[in-house]
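Some notes on the structure that comes next.
The values are calculated or read from the model by the stated rules, or taken from the named source; none is laboratory data. Just so we're clear, the structure is a prediction, and the values are computed from it rather than from any experiment. A quick note on method: Cβ atoms are made from the backbone with ideal geometry, for glycine too, and the neighbour counts reach across all protein chains shown.
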Amino acid sequence: MKEYKNLTTYNPKEIEQQWYTYWEEKGYFHEEVDTEKEPFSIVLPPPNVTGQLHMGHALDNTLQDILIRTKRMQGYNVLWMPGTDHAGIATQVKSRRKYHEKRKEISS
């Protein structure tokens, strides 16, 4: 790994990319399916379209993390996978607002 001289300023582009490349090279994002183990999975929802995170999100992610780690320690073939939008109503409301705003701009 690279030696850093200026440790007073955090530069995520420089540091995070280096770690991400390292993790990819080591195969940390790759999992071999073990058909001998019972499967267990949780779909991790993306952030809300509103962008407003709250304690419920923190609790939900913490509980999922606990379940995933527990099942892995119990010998399950575990997958914690990013999923689809769970906040369909919020997404629809926000999308409609943007659509109507755009329509007003065009017709003005």
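Some notes on this structure:
- Residue within the stretch 1-19 that is of a type outside the set (Val, Ile, Thr), modelled with pLDDT of 80 or more, part of a loop (DSSP other than H, G, I, E, B) and closer than 25 Å to residue 65 by Cβ present: no
- Residues in the stretch 22-46 that are within 30 Å of residue 91 (Cβ to Cβ) and either at pLDDT 85 or above or in a strand (DSSP E or B) (or both): 39, 40, 41, 42, 43, 44.
- Subset tally (residues that are in contact with a Pro (Cβ under 9 Å, 6 or more places away or on another chain) and at pLDDT 80 or above) for the stretch 52-65: 1
- Here residue 49 clears all of (1) modelled with pLDDT of 75 or more; (2) within 15 Å of the chain's Cα centre (by Cα); (3) β-branched (Val, Ile, Thr); (4) in a loop (DSSP other than H, G, I, E, B) except the condition numbered (1).
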